[in-house]
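Just below is one structure, and these are the notes that go with it.
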Amino acid sequence: MNHKRIPRIGIGGPVGSGKTMLIEQFVPLLSQKGYKTAIISNDVVSKIDADRMRKNLASERGLLPESLVIGLATGGCPHTAVREDPSMNISVVEEIEAKHNTDLDLIIIESGGDNITTTFSPALADYFIYIIDVSSGDKYPRKRGLGIENCDLLVINKIDIAPYIGADLKVMENDAKVVRKNKPYVFVNCKTGQGVQEVAEHIIKDVLFEEPPKTVINKTA
Amino acid sequence: MNIKNLDLTIDEISMLQLGDSFFPTGMYTTSSGLEALFYNKRIKSKEQISEFISVCLKYQLGPADCTALSNSHKAAQSSDLKTIIEIDDLLFSMKLVKEIREASTRSGTQLLNCVLSFINETPTSENIYNKDNNSSKSVISSYFDAIKSKDAHGVYPIALGLASNVLNITRERACMLLLYGFTVSIVGAALRLGMFPHFEGQQIIHSLKPVILEVIKKNIDRAHSKMWQFSPGIDILQISHERMDSKMFIT
């Protein structure tokens, strides 16, 4: 379509790794700086994630319109929906772009929970965040997989539980450095928001290129 | 268009390309109401699934989608964009369920987007898209422009009709692609719902081949002014799918 492309972030990761909660944590940080976002949530079986984000971010806090939190079913193929055949996601993105081209700064596409081989089609997402969590063991980054190796930003969540399950964060950090060849990674605790500011800063720098929000640009134009 | 010493054409490969479930149209996200039937425990056996597909083909896709495709393919050959948009509007209005309408227009738009991305890149000296076919190229582009400007909806059968025309796939074969693609997408949905093993899926597809041919024969020469669809039971079921809280499929 002809609309100017609004920057898009893809967020992938296994079921329960904290994709939805990460979005719930960084959207308010972007909103504080005036950036307006839309969210497309690809659920595997239900629309629980989309409903939760609509309630928490839109209905209760008014950080974005309810209509800009969209749930999308994937026919049981969460990989396919963001990589081999992202047609439905791209259609929804283009519909959003057609309506909100002048005021929206960022479109967030959350993939359905999947395994470590998830990646996003470059036609769908400009920047790819992959999230894993400590509960799966400190050898997780070492196991590699396209998601862990290729993403633009690796987020390692639930660092607070490391002492309780005998996970060594230093091991995870060293392995992440080796496997990702020094591409960025961030340790977070999405329950408390610890580390999420750093994720927001990566988005502002690497996706939005530190441009001011569109609403600010429009006011001064 | 014949490759030397081979009784095969590029057009036939194009047909395989458009008919392949790997072709990106997002059809794997739809079940056309089968998911609702499954969770309501109203459909269990292989025979019932076969019957469901057969009813959809005979009373929904045949007299509506197949006829629309056939007429839009014909209209594309004479670059008659006005008629194409008229058929597009008519078919859109016959899709009574919002989920089905949206899925069809999204698939159609993405199909066009994809085909337009490669038809101008002739890959061999065979000149696949022959010089006389420039009008086909322009009518598919004009239709896509009409969708962008909201003068057309972009329903899937029309998009497939225009894409088939530009790739020199005959009207008959294009209708076959439509109905076969639908059959495979429903059988695929049933497999992912765990309704039967993979061999049985192929058995269902095989058993429906005569139905596909019969439906094409009955509907390919129907005028678009005589399009119809009547399957109220399935319409209601598809509407009930819209209201399901937990679902794997868009429709």
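The values are calculated or read from the model by the stated rules, or taken from the named source; none is laboratory data. For clarity, every value in this text was computed on a predicted model and none was experimentally measured. Glycine also receives a Cβ, built like all others from the backbone with ideal geometry; neighbour counts cover every protein chain displayed.
The selection criterion, being touching a residue at least 12 places away in the same chain (Cβ under 8 Å), more than 25 Å from residue B:218 (Cα to Cα) and among the aromatic types (Phe, Trp, Tyr), holds for residue B:38. Just one of the numbered conditions (1) loosely packed, with under 14 Cβ neighbours inside 10 Å; (2) at pLDDT 95 or above is not true of residue B:41: (2). Within the stretch A:73-90, none of the residues are of a type outside the set (Lys, Arg), over 17 Å from the mean Cα position of the chain (by Cα) and away from chain B (no Cβ under 13 Å).
Name every residue in the stretch A:188-215 that is surrounded by fewer than 14 Cβ atoms within 10 Å (Cβ to Cβ) and either aliphatic (A, V, I, L, M) or more than 12 Å from residue A:22 (Cα to Cα) (or both), in order of residue number. Hits for the stretch A:188-215 are A:205, A:209, A:210, A:211. With the structure loaded, tell me whether residue A:112 is in a strand (DSSP E or B), under 17 Å from the mean Cα position of the chain (by Cα), in contact (Cβ under 8 Å) with a residue 24 or more places away in the chain and within 14 Å of another protein chain (Cβ to nearest Cβ) or whether it fails that test. It is false that residue A:112 is in a strand (DSSP E or B), under 17 Å from the mean Cα position of the chain (by Cα), in contact (Cβ under 8 Å) with a residue 24 or more places away in the chain and within 14 Å of another protein chain (Cβ to nearest Cβ). In the set (1) away from every other protein chain (no Cβ under 14 Å); (2) at pLDDT below 95, the condition left unmet by residue B:30 is number (1).
Applying the set (1) modelled with pLDDT under 95; (2) in contact with a Gly (Cβ under 6 Å, 6 or more places away or on another chain) to residue A:186 leaves exactly one unmet item: (1). Once the stretch A:1-20 is narrowed to residues that are surrounded by fewer than 23 Cβ atoms within 10 Å (Cβ to Cβ) and among the aliphatic types (A, V, I, L, M), the residue that is modelled with the highest pLDDT is A:6.
Is the stretch B:36-50 home to any residue that is hydroxyl-bearing (Ser, Thr, Tyr), assigned to a helix (DSSP H, G or I) and within 14 Å of chain A (Cβ to nearest Cβ)?
yes
Selection within the stretch B:79-117: residues that are touching a residue at least 40 places away in the same chain (Cβ under 8 Å), farther than 25 Å from residue B:237 by Cβ and hydroxyl-bearing (Ser, Thr, Tyr). The member of this set that is nearest to the other protein chains (Cβ to nearest Cβ) is B:109.
Screening the stretch A:141-182 for residues that are part of a helix (DSSP H, G or I) and of a type in the set (Val, Ile, Thr) and picking the one that is nearest to residue A:114 (Cα to Cα) gives A:148. Taken together, the criteria exclude residue A:81 from residues that are out of contact with any helix residue (DSSP H, G or I) (no Cβ under 7 Å at 6 or more places or on another chain), small (Gly, Ala, Ser) and modelled with pLDDT of 90 or more. In this structure, residue A:185 qualifies as within 26 Å of residue A:32 (Cα to Cα), surrounded by 19 or more Cβ atoms within 10 Å (Cβ to Cβ) and in contact (Cβ under 8 Å) with a residue 12 or more places away in the chain.
Can you find a residue in the stretch A:123-141 that is within 30 Å of residue A:218 (Cα to Cα) and within 14 Å of another protein chain (Cβ to nearest Cβ)?
So the first thing to find is which residues in the stretch A:123-141 are within 30 Å of residue A:218 (Cα to Cα), and the list is A:123-129.
Right, trim to within 14 Å of another protein chain (Cβ to nearest Cβ) and you get A:123-124.
Yes: one or more hits.
Note on the stretch B:1-27: among residues that are free of Cβ contacts under 8 Å to residues at least 40 places away in the same chain and of a type in the set (A, V, I, L, M, F, W, C), the one that is farthest from the other protein chains (Cβ to nearest Cβ) is B:6. Right, residue A:103: in contact with a Lys or Arg (Cβ under 6 Å, 6 or more places away or on another chain), modelled with pLDDT under 95 and more than 14 Å from chain B (Cβ to nearest Cβ) or not? Yes, satisfied.
Of all residues in the stretch A:25-69, those that are within 14 Å of chain B (Cβ to nearest Cβ), buried (at least 20 other Cβ atoms within 10 Å of the Cβ) and of a type in the set (Gly, Ala, Ser) total 2.
Going through the stretch B:44-85 one residue at a time, which ones are of a type in the set (S, T, N, Q) and either buried (at least 24 other Cβ atoms within 10 Å of the Cβ) or closer than 24 Å to residue B:242 by Cβ (or both)? Outline the logic, then answer.
Just the residues of the stretch B:44-85 that are of a type in the set (S, T, N, Q), to begin with: B:45, B:48, B:50, B:54, B:60, B:67, B:70-72, B:77-79, B:83.
Answer for the stretch B:44-85, where residues must be of a type in the set (S, T, N, Q) and either buried (at least 24 other Cβ atoms within 10 Å of the Cβ) or closer than 24 Å to residue B:242 by Cβ (or both): B:48, B:54, B:60, B:67, B:70, B:71, B:72.
Can you tell me how many residues within the stretch A:1-14 are more than 14 Å from every other protein chain (Cβ to nearest Cβ) and more than 16 Å from residue A:214 (Cα to Cα)? Number of matching residues: 6.
Among the residues making up the stretch B:183-223, those that are touching a Cys at 6+ places or on another chain (Cβ under 7 Å) and either under 24 Å from residue B:13 (Cα atoms) or among the hydrophobic types (A, V, I, L, M, F, W, C) (or both) are B:215, B:216, B:220. Of the residues that make up the stretch A:131-144, is at least one within 30 Å of residue B:244 (Cα to Cα), surrounded by 17 or more Cβ atoms within 10 Å (Cβ to Cβ), in contact (Cβ under 8 Å) with a residue 24 or more places away in the chain and in contact with a helix residue (DSSP H, G or I) (Cβ under 6 Å, 6 or more places away or on another chain)? The answer is yes, given that some residue of the stretch A:131-144 is within 30 Å of residue B:244 (Cα to Cα), surrounded by 17 or more Cβ atoms within 10 Å (Cβ to Cβ), in contact (Cβ under 8 Å) with a residue 24 or more places away in the chain and in contact with a helix residue (DSSP H, G or I) (Cβ under 6 Å, 6 or more places away or on another chain).
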